[in-house]
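Presented below is the structure to which this report refers.
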Amino acid sequence: MNGRRLEKIEEGVPARAYAKLSWRARRVYREMTEGILRVVERYSPEVQRLRLLDVGTGPGILLSEILRGYEGEVELVVGIDCTRETFGECFKSYVRDGEFIQGNAYYLPFRDACFDVCISTGVLHALKWLERFFSEMVRVTRSGGLVIVYDPTPLSVTHEEARRVLSEEEYKLFEEVRKDGIVPETFEPEEIREVLGRCELGVSVRELKKERLGRLESRVLQVVMQKD
Ligand SMILES: C[S@@+](CC[C@H](N)C(=O)[O-])C[C@H]1O[C@@H](n2cnc3c(N)ncnc32)[C@H](O)[C@@H]1O
């Protein structure tokens with residue numbers, strides 16, 4: 001059900017409109033960025049030159065906020081997204097030194113252990129094959145590295161905000177997509193615990209909770225795993 005709904009969002013709202021809405025909702029990305037940077041500092045402070053992957057990156061606004069806030073050196077930043085209408089152009093404008101790859105979270109096109117930190121935000125609720133998603137993220141993360149999955153859903157831009165930032169044509173599409181209450185709930189921590197219990201990932205679960213993040217008013221699902 002969730003997957004079907006996401007497809008509908010992608011068909012309906014073009015990448016450019018999604019990027020505009022996300023840009024409008026920057027405070028969400030700032031809170032997530034602060035959370036992610038705190039987690040990296042707490043569990044993996046030894047990172048020298050960060051190699052970072054964002055799975056389901058969309059237009060890359062989260063990555064751009066992370067790069068702005070991260071104080072260490074960065075070696076590699078990659079965003080991957082499966083959308084047919086590529087986010088690549090938007091991504092390039094937000095993440096100048098990063099690389100955008102069109103690809104699928106279930107088959108990450110990277111060799112094992114090549115990232116220090118693998119993040120994904122706002123994607124989990126739309127997936128059907130959670131085991132595969134988590135195991136691919138863990139596979140491409142090095143030992144001691146982190147997999148950080150946040151799902152701030154539902155947490156959406158209001159119609160008023162959308163009307164302010166979108167063109168008339170884009171707004172019509174936005175309304176069309178939203179009219180049957182499109183934004184689904186994310187999972188509960190117990191559901192994720194059960195999924196993780198089913199797969200042998202070789203990780204320690206550092207955080208698994210659903211609570212407010214910073215000043216956000218909605219509860220955000222937060223999963224932090226460290227590879228053994
Ligand atoms: C709600 S958007 C979130 C985008 C971005 N992470 C953010 O926080 O703004 C969900 C994104 O996940 C991508 N996505 C969904 N399923 C995917 C999959 N199997 N592989 C790669 N990307 C996927 C969609 O194309 C979409 O860009």
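Nothing in this text is a laboratory measurement; each read-out follows from the coordinates by a stated rule. Values in this document were obtained by computation on a predicted structure and should not be read as measured data. Glycine gets a Cβ as well: all are built from the backbone with ideal geometry, and neighbour counts include every protein chain shown.
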Open item on the list: Using Cα-Cα distances under 8 Å and only pairs 6 or more residues apart, what relative contact order does the chain have, in percent?
Closed with: 22
Task: Helix 15-24 axis, angle to the chain major axis (alpha carbon atoms, nearest 10°) - done: 80
- [ ] Measure nothing but the geometry: give the 0 to 90° angle between the long axis through the Cα atoms of 168-178 and the longest principal axis through the Cα atoms of the chain, rounded to 10°.
- [x] 60
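Let me know the charge dipole size of the chain about its Cα centre in debye, to the nearest 20, where only the beta-carbon of Lys, Arg (+1) and Asp, Glu (-1) is charged.
Working: 36 positive and 40 negative charges, 46 e Å.
Dipole size: approximately 220 debye.
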